[in-house]
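As structure tokens, the structure follows; a few thoughts come after it.
Any read-out appearing in this document is the output of simple, stated calculations on the displayed coordinates, not a laboratory observation. As the structure is a prediction and not an experimental result, all values here were calculated from the model. Neighbour counts are summed over all protein chains in view; Cβ atoms, including those assigned to glycine, are modelled from backbone coordinates with ideal geometry.
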Amino acid sequence: MPPNPSTSRLTPTALVLLTLPPLLWAGNAVVGRLMQGVVPPITLNFLRWALAFCLLLPMAGWVLRRGSGLWTHWRRFALLGLLGVGSYNALQYMALKTSTPMNVTLVAASSPVWMLLLGRLLYGVAISRQAALGAALSLAGVAVVLSRGHLEQLLAVQLVPGDAWILLAAILWAWYSWQLARPGDDPVDLKADWAAFLMAQIVMGLFWSGLFSAGEWLFVLPEVPAGESHIHWGWSTAAALLFFAIGPSLIAYRCWGAAVARVGPAMASLFQNLTALFAALLSATVLGEPPRGYHIAGFMLIVGGILVSPRR
């Protein structure tokens, strides 16, 4: 179900809501790379959302009561929890174990294509020329940033198992965003309360994430050499988990849900490509490298894709 045309314009508020999540998700990717070897990837996703659940409990704990919209519409929130909480970041953290950051970010940037295809196949939303051109320009901007302006680096990319994980994550995220664009399916008591709506997703998502994490400990982690710790606890680990729970989880998901409701998933997916640009800039900052010309060129292509796309 497409968004209401009366609320799908690119207003200043919508621009803020669309830009903040990519910035936080870029930070999630950078910190997530630093956490490789510190916390197992699927367990990292579970701990992240378990902490987010605790932080959200004072604001939306009533969702757990019997008779709330969570339980009367449990099938919808089971699907949202599986796609948005239980799967996406777990797959991203898994991808970073075997794939390069360039491959992971590049494959994840295919999200606008999957948004358009799923919208056409599952919901009958036509793909306009403007939308297709906007997606192409945004992907070109991402490619410029990731290749540092040298096409031969893109041509030399070799796919590894991690690329398949992040490709699956991109497809599931596209489906999740289309599900968010169906507000008519949400229970009345959760519609007007973002904290309650997110809490309902986290509750169901923790079920899936906990199930996947249990599988990781049963079938993957026993292969770790004896004497080595599965999780390396410390202040840096605690700080990273707190960042994951507050920034990329609570704040980003709140803004993303509101943005999708305003402009629709197809338009929002174009702004999601800013994640790759922000990740490149954050990485450059951490490494002490100033922005280059290809950063500017990539940014202009991404913004051009957004401007070319339909306003409704």
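Per-residue Karplus couplings for the stretch 25-35, computed as 6.51 cos²θ - 1.76 cosθ + 1.60 with θ equal to phi - 60°, are listed in order as 6, 5, x, 4, 5, 5, 5, x, 5, 5, 8 Hz, Gly and Pro entered as x.
Between residue 79 and residue 283, the modelled labels are 3.5 nm apart [label points 7 Å from Cα along Cα→Cβ]. Computed over the chain with a Gaussian network model linking Cα atoms closer than 10 Å, the most mobile of 138, 209, 236 is 236. Placing pseudo-labels 7 Å out from each Cα toward the beta carbon at residue 50 and residue 15 gives an inter-label distance of 4.2 nm.
At 0.36 nm per residue, and after removing the present C-alpha to C-alpha distance, how many nm does the segment from residue 155 to residue 168 gain when stretched out fully? The partial results should precede the final answer.
Numbers: separation 13, 0.36 × 13 = 4.68 nm, distance 2.18 nm.
Here the answer is 2.5 nm.
Over every Cα atom in the stretch 113-193, the radius of gyration and the widest Cα-Cα span, Dmax, amount to 16.8, 53 Å. Mean separation of Cα pairs under 8 Å and 6 or more residues apart, divided by the residue count, gives the chain a relative contact order of 42 percent.
How would 220, 188 line up from fewest to most surrounding beta-carbon atoms within 10 angstrom? Mind dumping the intermediate values first?
Details: 220 15, 188 8.
In order of increasing Cβ crowding within 10 Å: 188, 220.
Between 204, 267, 59, find the one with the highest GNM mean-square fluctuation for the chain; connect C-alpha pairs within less than 10 Å. Looking only at 204, 267, 59, the biggest GNM fluctuation is shown by 59. In order along the stretch 168-176, phi translates into HN-Hα couplings of 4, 4, 5, 5, 5, 5, 4, 5, 4 Hz, rounded to whole numbers, per the Karplus curve 6.51 cos²θ - 1.76 cosθ + 1.60 with θ = phi - 60° and x for Gly and Pro. Remark: the stretch 52-176 carries a charge dipole of roughly 500 debye about the Cα centre, counting +1 on each Lys and Arg Cβ and -1 on each Asp and Glu Cβ.
Evaluate the charge dipole of the chain about its Cα centre and quote only its size in Debye, nearest 20, assuming +1 on the Cβ of each Lys and Arg and -1 on the Cβ of each Asp and Glu.
On the way: 18 positive and 10 negative charges, 181 e Å.
Here the chain has a charge dipole of around 860 debye.
Starting from the Cα of residue 217, step 7 Å toward the Cβ, then list every residue of the stretch 27-50 with an amide N under 19 Å from that point. Zone members listed by number: 37-50.
Scaling the Cα radius of gyration of the stretch 54-134 by the globular reference 2.2 N^0.38 Å produces a ratio of 1.52. Residues of the stretch 179-207 falling in the label zone of residue 72, defined by backbone nitrogen less than 15 Å from a point 7 Å along Cα to beta-carbon, are 184-193, 197. Think of the chain as a dipole: +1 on every Lys or Arg Cβ, -1 on every Asp or Glu Cβ, centred on the Cα centre; then among 43, 93, 171, 171 lies furthest on the positive end.
Most tightly packed first, judged by the mean number of other beta-carbon atoms within 10 Å of their residues, the peptides 26-33, 127-134, 82-89 read 82-89, 26-33, 127-134. When you filter the trypsin sites (Lys or Arg not before Pro) in the stretch 61-116 for DSSP loop state and at most 14 other Cβ atoms inside 10 Å of their Cβ, you are left with 65, 66.
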